[in-house]
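Visitor: Following this message is one structure expressed as structure tokens.
The values are calculated or read from the model by the stated rules, or taken from the named source; none is laboratory data. Since the structure is predicted, the reported quantities are computational estimates derived from the model, not experimental observations. Reconstructed Cβ throughout: ideal geometry from the backbone, glycine too, with neighbour counts over all protein chains shown.
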Amino acid sequence: MILDADLRGVVDDVFGDASVADAAAADPLWALVSELGWPLVGVAEELGGAGGDLAAAAELAAGTGRHAVPVPLVETGLAAWALAEAGLPVAAAAGRATVVHASLGQVEARPAGAGGAWRLDGTAPDVRWLSAVDRIVVVARPAAGGTVVAVLDPRGTPGLDVEAGHSFADEPLGTLRLDGVVVPAAAVAVAPAGLARDVLDRAAVLRAAAIAGAVERACALTKEHVGTRHQFGRPLAALPPVRQLIAGMAVERDLLDAALAVALARPGHATAAAARAVAAACAGAVATGAHQLHGAIGVTQEYPLHRLTRRLWAWRDEDGSQRRWEEIVGAEVLLGDGDDGLWSLVAGAEGAATAVPV
């Protein structure tokens, strides 16, 4: 699926030549990505960004999935966008950055006396790229209302502790512990309450796009393999059960592409959650089908499939499970009267006005 035609070719050129399988060896690639300004794509130029819309940022995210490149492009871009929307300098997220959304952990924010400082306490598990970033952007909803956006230095900040680890995809994944961390006024802002949800929605769409990129490549590799691998004197693709499984993978891929297209065309809490839920379901189905059809070659170090499928299985469950995103969609639908909320989500604003459900 092409989300931004102007970017697709460039992304494939840059990431396709990278051949980086290890996050520890990705520094040259990250330097190039930063020089191109990609972490700031999707952030308005007047706010210090590189311009472009959410579709452009999603195209970059899809590229990281399609080529399985170990760089925190999605995380850094989301951090920069959150800072810009909160009125903080985008430069505060220079280098590598990640976002900690308080709703995914138990992080509390409250004023720390006079002077505009804030205090952060709590724990946030499964923070992507936590041990490899230069800045951490915390997004929290305090009891007093609004959205608190705070910038933290992961090194040398009193009360801040990072427990480093790795995901199933061998990408940095850690737990952040905050014990009375005081953030000075210059590094924190109180934005409207809706920003916390907007950050969560944007994260969902970008992760769905990254999964869509990995799904696209996994499907292409599988189709090529069954077309060239012979068994019983003919290609695997000639066997009816193989054709059926390939078709099922294609259907999952197309469903995700459709959900992602809706989320980009009609941004909202329900459409973002729907895209993320569909992405989670698709990730598991495609990864499983790809390995079934590849057999032993699919798990060899030299063959690229495992770099994609390990990401699919890891990304599927990060930032909340499939069930969690489905519950969000359900809650949004129930906000409407009768069946109107569901029909509006399925058909869109125009469809809701002109079509009649049967």
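Visitor: Return yes when Gly49 is outside any helix (DSSP H, G or I) and touching a helix residue (DSSP H, G or I) at 6+ places or on another chain (Cβ under 8 Å) and no when it is not. Give the derivation first.
Guide: Values: outside any helix (DSSP H, G or I): yes; touching a helix residue (DSSP H, G or I) at 6+ places or on another chain (Cβ under 8 Å): yes.
So Gly49 fits the description; yes.
Visitor: Quick one: count up the residues across segment 141-160 that are part of a strand (DSSP E or B), out of contact with any Phe, Trp or Tyr (no Cβ under 9 Å at 6 or more places or on another chain), closer than 16 Å to Glu108 by Cβ and not polar (S, T, N, Q).
Guide: Here is the first cut: in segment 141-160, the ones part of a strand (DSSP E or B) are 147-152, 160.
With out of contact with any Phe, Trp or Tyr (no Cβ under 9 Å at 6 or more places or on another chain) added as a condition, the list becomes 147, 149, 151-152, 160.
Filter again for closer than 16 Å to Glu108 by Cβ, leaving 147, 149, 152, 160.
Going one step further and asking which of them are not polar (S, T, N, Q), we end up with 149, 152, 160.
Final tally of qualifying residues: 3.
Visitor: With (1) surrounded by 19 or more Cβ atoms within 10 Å (Cβ to Cβ); (2) farther than 25 Å from Gly37 by Cβ; (3) in contact with an Asp or Glu (Cβ under 7 Å, 6 or more places away or on another chain) as the list, and Asp121 as the residue in question, which single condition is left unmet?
Guide: (1)
Visitor: Among (1) modelled with pLDDT of 95 or more; (2) touching a helix residue (DSSP H, G or I) at 6+ places or on another chain (Cβ under 7 Å), which single condition is Thr288 missing?
Guide: (2)
Yes/no matrix, rows are residues, columns are (1) surrounded by 21 or more Cβ atoms within 10 Å (Cβ to Cβ); (2) among the charged types (D, E, K, R); (3) under 22 Å from Arg217 (Cα atoms):
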| position | (1), (2), (3) |
| --- | --- |
| Ala26 | no, no, yes |
| Ser34 | no, no, no |
| Glu45 | no, yes, no |
| Ala50 | no, no, no |
| Ala62 | yes, no, yes |
| His67 | yes, no, yes |
| Leu78 | yes, no, no |
| Glu108 | no, yes, no |
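Visitor: Given the conditions (1) surrounded by 18 or more Cβ atoms within 10 Å (Cβ to Cβ); (2) touching a Lys or Arg at 6+ places or on another chain (Cβ under 8 Å); (3) within 28 Å of His269 (Cα to Cα), and given that Val181 satisfies all but one, which numbered condition is not satisfied?
Guide: Just one mismatch for Val181, condition (3).
Visitor: Just one of the numbered conditions (1) at positive phi; (2) surrounded by fewer than 16 Cβ atoms within 10 Å (Cβ to Cβ); (3) outside any helix (DSSP H, G or I) is not true of Gly295; which one?
Guide: Checking Gly295 against (1) at positive phi; (2) surrounded by fewer than 16 Cβ atoms within 10 Å (Cβ to Cβ); (3) outside any helix (DSSP H, G or I), the one that fails is (3).
Visitor: Cβ-Cβ distance below 6 Å, separation of 6 or more or different chains: which pairs start in segment 68-96 with a residue that is more than 22 Å from Pro172 (Cα to Cα) and end on one that is β-branched (Val, Ile, Thr) and surrounded by fewer than 23 Cβ atoms within 10 Å (Cβ to Cβ)?
Guide: Leu83/Val90; Ala84/Val90
Visitor: Find the residue count for segment 315-330, including only residues that are in contact (Cβ under 8 Å) with a residue 60 or more places away in the chain, of a type in the set (Lys, Arg) and more than 15 Å from Val286 (Cβ to Cβ).
Guide: We begin by selecting, within segment 315-330, every residue in contact (Cβ under 8 Å) with a residue 60 or more places away in the chain; these are 315-316, 318-320, 325.
Those left that are additionally of a type in the set (Lys, Arg): 316.
With the extra rule that they be more than 15 Å from Val286 (Cβ to Cβ), the set shrinks to none.
The number of residues fulfilling the criteria is 0.
Visitor: Looking at Leu305, Leu312, Leu260, Leu255, which is the one that is free of Cβ contacts under 8 Å to residues at least 40 places away in the same chain, in the same structural domain as Ala204 (by TED's automatic domain parsing), of a type outside the set (Lys, Arg) and closer than 16 Å to Ile211 by Cα? Don't jump to the end; show me each part of the working.
Guide: Details: Leu305 fails: free of Cβ contacts under 8 Å to residues at least 40 places away in the same chain; Leu312 fails: free of Cβ contacts under 8 Å to residues at least 40 places away in the same chain; Leu260 fails: free of Cβ contacts under 8 Å to residues at least 40 places away in the same chain.
Unique residue meeting the criteria: Leu255.
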